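The values are calculated or read from the model by the stated rules, or taken from the named source; none is laboratory data. It should be emphasised that the depicted structure is a prediction, and the values quoted were computed from it without experimental measurement. Counting neighbours? That spans all protein chains shown, and the Cβs are built from the backbone with ideal geometry, glycine included.
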Amino acid sequence: MTESILVLAHVDENGAALTKASLEAVTAGVELAAQLSAPLSIGIVAAIAPSGTCVLASTGARLLAVSGEAFAQPRYATDAAACEALCRAAAATIVLAPGSARFTRVAAGVAYRLGGCIDTHITALSATEGVEASRWFYRQRVEAVLSRDARPWFLLLDAGTHAAFAAEPATAQIEQIAVELPAVRTTVSGLRAPKQDAQTIRPEAKMLLVAGAGWTKKQPDGQIHVDQAGELILGFLRHTGASLGSSKSLVDQGGEGVPVLPFLTHMNQIGQTGATPRHAKGLSTCCHGEEPHVVGWRFIGDRRAISLDPNCGWTRGKADVVYIADAFQVMAKVNALLGSAKA
Amino acid sequence: MANAVHIVVCAGIVPDPLQTLEPVTGPNGPGLKNEMVLPSVLDPWAASALYEAANLAAKNPGSKIWLVSLGPKAKLQQVMMTIAQKVSFELVPIDGPIGGFPDAHSTAAVLADSIAAIPGLDKAKLLLFGGWESATRGAGVTLQLVGERLGITDQFQGVDQIDLRDDGSFEVLERVEGGKHQVSVCTGTPALLGWATGNLAEPRNNPQIGMANMRTIMPALQKAKPAKLEANGLRYISASLPKQQRNTRVVKDLAPDEIAAELVAWIGAE
């Protein structure tokens, strides 16, 4: 089968530049096009049409863009129309796109409109015997490699699976694609950060700190020390810039109205019904369940854990190092060391 | 009853998250070992959608909830014994295969046809609910495909909150990158909402609701239409458990000071 490849990309919330995830998809597109000796197109959705110099010039791809005020905000009706127009203009058989909130909202609908098919959360692509894609099933428990005959085949790539495309800006010809806008019934009014003392979810952080329910359990003195736990966790985040993940049990306690770690929301949750973030390092504290270690940690590079349970079966084989110790004591010392190093 | 809505919740059934899963390859492609005997639960994110639907219906008298679920009849019956005690709904069961490996496009086609055939459903009042991803395939595409098939072009994914206003419009909070929510206002139904966890706790079991639901659920299960899911050219080259097993170093005898020093060195290392 002769393939042609389209990479869909979009700009960030400021409208200034392509998102990192979009540039990762560009890298995937460039690599796949080289493997298949296939023509490559890149389609950009942005409020203001890119023009003049562009970092994508060196890809050698045909550059397409859909622009206008209607595309300033992510929204199903307008984004689906934009992506549909780009796909029809490129007539591609393989469509790669970042698995961003913006494109995951619309890509399946666009695939349906084009009579194609879609797979998401792609972690790897190969083109040895036709195009094959790797993804996980059952929340990161089963890994599968699959292929499809139907075209166009949309593949949404997980963030962090490819390096972001980088090149010196150069002069580029960008074709403007006209879009017939549908009736718009949805108005996007902006972004809202969750109600919490500080933003604790940081996808770009090198480290993930996972807080488990042990932080809110009775300590050796027979008392619960939630305030101290909160100070230790937030102190660590301040010192390291780490992102905060939580086990389901700890987040659920907050949802039941119990005043525990008020800065935690379901958005922090990792695992079966939470996120599966990608960070270079992960430190798990007071976690004694399967989800943080097996499901939520699937894409964490270097993993360590602090646990009181030397027989915790979930850390064995999942973490690189497990410290059998009281996390309250250890984290207090860690914060003190990090603080003195900064001073 | 100006804001009475018709809420259709699409919810699959999935293996209990605490079960050990092992893929096996059969004549029809991959599946799970002993899949039919694994205990099942309602898909967690779809369950959030169902609880949010019940909350919305309670605030808007005259509203109605349908629960559309695809799975083997026996499994559906097992799961409904629990779910039926939590919120009131009318079940639209579809007797079909279970699991994450069937093609999402075929699943969506079956679900859309079943929804379109629901007697008394007013599509102008329709709120199509479901989980934004399942705990099986986890692709986040099935609900979107159902929406497209039904002609719904106001779709929201990763939803944590909906506020229905007196004029019929509603505000939606959708999860986006960086732990933020995108805030949107839609002029009214029909719309599609793929739910994340929402903000509601799981409702307590209420035997009275259960008994009322089961009066309609059992006959509906007996009449469940069989559905065959086509592969649509989807081929699995492999399906396997991750082989990566870490050689865990268990450190038992270090004082907190020493552990802290080791951790700080590790944090600072590139």
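Quick notes
- Single unsatisfied condition, A:G52 versus (1) at pLDDT 95 or above; (2) surrounded by fewer than 19 Cβ atoms within 10 Å (Cβ to Cβ); (3) more than 10 Å from every other protein chain (Cβ to nearest Cβ): (1)
- Of all the listed residues (A:A81, A:A85, A:A92, A:A97), the sole one being among the small types (G, A, S) and assigned to a strand (DSSP E or B) is A:A97.
- Lone qualifier among A:A9, A:A16, A:A34 - being in the same structural domain as A:W153 (by TED's automatic domain parsing) and either on the phi > 0 side of the Ramachandran plot or in contact with a strand residue (DSSP E or B) (Cβ under 7 Å, 6 or more places away or on another chain) (or both): A:A9
- Criterion applied to B:A49, B:A53 was being more than 13 Å from every other protein chain (Cβ to nearest Cβ) and closer than 21 Å to B:A112 by Cβ, and the one residue passing it is B:A53.
- Sole exception among (1) buried (at least 21 other Cβ atoms within 10 Å of the Cβ); (2) more than 16 Å from A:L125 (Cβ to Cβ); (3) among the β-branched types (V, I, T) for A:I5, by number: (2)
Results for (1) within 8 Å of chain A (Cβ to nearest Cβ); (2) over 30 Å from A:S147 (Cα atoms); (3) without any contact (Cβ under 8 Å) to a residue 60 or more places away in the chain, shown as yes or no for each residue.
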residue: B:N206; (1), (2), (3): no, yes, no
residue: B:Q222; (1), (2), (3): no, yes, yes
residue: B:N232; (1), (2), (3): yes, no, no
residue: B:P242; (1), (2), (3): yes, no, yes
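- For A:R135, the stated conditions hold: it is assigned to a strand (DSSP E or B), of a type in the set (K, R) and either under 30 Å from B:L32 (Cβ atoms) or in contact with a strand residue (DSSP E or B) (Cβ under 6 Å, 6 or more places away or on another chain) (or both).
- Within region B:107-116, one or more residues are closer than 25 Å to A:Q272 by Cβ and among the aliphatic types (A, V, I, L, M).
Listed here are the residues, each with its yes/no results for (1) surrounded by 13 or more Cβ atoms within 10 Å (Cβ to Cβ); (2) in contact with a Cys (Cβ under 7 Å, 6 or more places away or on another chain); (3) of a type in the set (K, R).
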| residue | (1), (2), (3) |
| --- | --- |
| B:G188 | yes, no, no |
| B:G194 | yes, no, no |
| B:A201 | no, no, no |
| B:K223 | no, no, yes |
| B:A227 | yes, no, no |
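- Being in contact with a strand residue (DSSP E or B) (Cβ under 6 Å, 6 or more places away or on another chain), of a type in the set (G, A, S) and outside any helix (DSSP H, G or I) holds for only one residue in A:A28, A:A65, and it is A:A65.
- Any hit, region B:139-159, residues being part of a loop (DSSP other than H, G, I, E, B), farther than 16 Å from B:G12 by Cα, among the hydroxyl-bearing types (S, T, Y) and in contact with a helix residue (DSSP H, G or I) (Cβ under 9 Å, 6 or more places away or on another chain): yes
- Matching residues in region A:184-202 - criterion: being assigned to a loop (DSSP other than H, G, I, E, B) and at pLDDT 95 or above: A:V184, A:R185
- Number of the condition not met by A:T216 [criteria: (1) of a type in the set (S, T, Y); (2) surrounded by 14 or more Cβ atoms within 10 Å (Cβ to Cβ); (3) within 14 Å of chain B (Cβ to nearest Cβ)]: (3)
- Test for A:S58: is it outside any helix (DSSP H, G or I), over 29 Å from B:A109 (Cβ atoms) and of a type in the set (S, T, Y): no
- Scan of region A:127-157 for residues that are under 30 Å from A:W314 (Cβ atoms), without any contact (Cβ under 8 Å) to a residue 60 or more places away in the chain and within 7 Å of another protein chain (Cβ to nearest Cβ), ordered by number: A:F137, A:Y138, A:V142, A:E143, A:A144, A:V145, A:L146
- Residue that is outside any helix (DSSP H, G or I), at pLDDT 95 or above and either among the aromatic types (F, W, Y) or more than 15 Å from the chain's Cα centre (by Cα) (or both), where the choices are B:I94, B:I115: B:I94
- Close pairs (9 angstrom Cβ cut-off, 6 or more residues apart or separate chains): farther than 16 Å from B:H105 by Cβ and within 7 Å of chain B (Cβ to nearest Cβ) in region A:98-126, part of a helix (DSSP H, G or I) and charged (D, E, K, R) anywhere: A:S100/B:E177; A:A101/B:E177; A:R105/A:D79
- Residue in region A:168-191 that is under 18 Å from the mean Cα position of the chain (by Cα), within 21 Å of A:A101 (Cα to Cα) and surrounded by 13 or more Cβ atoms within 10 Å (Cβ to Cβ) present: yes
- Once region A:306-330 is narrowed to residues that are of a type in the set (F, W, Y) and not in a loop (DSSP other than H, G, I, E, B), the residue that is farthest from the other protein chains (Cβ to nearest Cβ) is A:F328.
- Members of region B:20-54 found to be polar (S, T, N, Q) and buried (at least 17 other Cβ atoms within 10 Å of the Cβ), listed by number: B:S40, B:S48
- Among residues of region A:288-305 being modelled with pLDDT under 80 and closer than 24 Å to B:A265 by Cβ, the one that is farthest from the other protein chains (Cβ to nearest Cβ) is A:P292.
A quick yes/no check of all residues on (1) crowded, with 18+ Cβ neighbours inside 10 Å; (2) closer than 17 Å to A:Q176 by Cα:
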| site | (1), (2) |
| --- | --- |
| A:V66 | yes, yes |
| A:F71 | yes, yes |
| A:T78 | yes, yes |
| A:C83 | yes, yes |
| A:T93 | yes, no |
| A:A97 | yes, no |
| A:R102 | yes, no |
| A:G115 | no, no |
| A:G130 | no, no |
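- Residue in region B:244-270 that is nearest to the chain's Cα centre (by Cα), counting only those that are loosely packed, with under 12 Cβ neighbours inside 10 Å and facing chain A (nearest Cβ under 7 Å): B:Q245
- The test for being of a type outside the set (V, I, T), more than 16 Å from B:S184 (Cβ to Cβ), free of Cβ contacts under 8 Å to residues at least 60 places away in the same chain and surrounded by 21 or more Cβ atoms within 10 Å (Cβ to Cβ) does not hold for B:G130.
- Among the residues of region B:180-229, those identified as more than 21 Å from the chain's Cα centre (by Cα), of a type outside the set (A, V, I, L, M, F, W, C) and over 15 Å from B:Q161 (Cβ atoms) are B:T187, B:G188, B:N206, B:P207, B:Q208, B:R215, B:T216, B:P219, B:Q222, B:K223.
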